[in-house]
Amino acid sequence: MHELGVVFHIIRSLEKVAKENNVSKINSVTLQLGEVSTVIPSYLSSCWKWAAAKNELLKRAELIIEKIDAVTRCDSCGAEYSTVEHGKLCPECGSQETWLLQGMEFLIKEIEAE
Ligand SMILES: [Zn+2]
């Protein structure tokens, strides 16, 4: 259960932020999740519900997941294309000189507190 570890990691970060800002209840948390990150959103949501319910700070907190599309850039021709569709091979020129531009994100974007 990789997602459960991720949830605990998020909760620890939130607790730290809440303490620093004197917040006692969090209403919602917005996460940015890259399309090719290793975290599965539906598992993450289930783990979140389970873990947040046990936590005074997060009891009523909603988890909002924003998906970020994976995009790869080709160094040979400069094309940018969908990573999920084409993988490492550039669909424009067939080059493998490509790198992931975005899509591995895993960030807490926004916290809404009372
Ligand atoms: Zn190319």
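Observations
- Selection status of ALA52, buried (at least 17 other Cβ atoms within 10 Å of the Cβ), part of a helix (DSSP H, G or I) and over 18 Å from the mean Cα position of the chain (by Cα): no
- Restricting attention to the stretch 101-114, the residues being part of a strand (DSSP E or B) and either more than 14 Å from the ligand (Cβ to nearest atom) or at pLDDT below 95 (or both) number 9.
- Filter result for GLU62 (more than 21 Å from the chain's Cα centre (by Cα) and either more than 16 Å from the ligand (Cβ to nearest atom) or closer than 30 Å to ALA18 by Cα (or both)): no
- When we screen GLY94, GLY5 for residues that are within 16 Å of the ligand (Cβ to nearest atom) and loosely packed, with under 13 Cβ neighbours inside 10 Å, the only hit is GLY94.
- Of residues in the stretch 1-37 being assigned to a strand (DSSP E or B) and of a type in the set (Ser, Thr, Tyr), the one nearest to ILE65 (Cα to Cα): THR30
- Members of the stretch 69-88 that are near the ligand (Cβ under 9 Å from one of its atoms) and out of contact with any Phe, Trp or Tyr (no Cβ under 8 Å at 6 or more places or on another chain): SER76, CYS77, GLY78, ALA79, TYR81
- Selection within the stretch 17-43 - over 11 Å from the mean Cα position of the chain (by Cα), small (Gly, Ala, Ser) and closer than 18 Å to GLY5 by Cβ: SER42
- Taken together, the residues in the stretch 1-45 that are of a type in the set (S, T, N, Q) and in contact (Cβ under 8 Å) with a residue 40 or more places away in the chain amount to 8.
The values are calculated or read from the model by the stated rules, or taken from the named source; none is laboratory data. Fair warning: this is a prediction, and the values are worked out from it, not measured in the lab. Note that we place each Cβ from the backbone using ideal geometry, even for glycine, and neighbour counts take in every protein chain shown.
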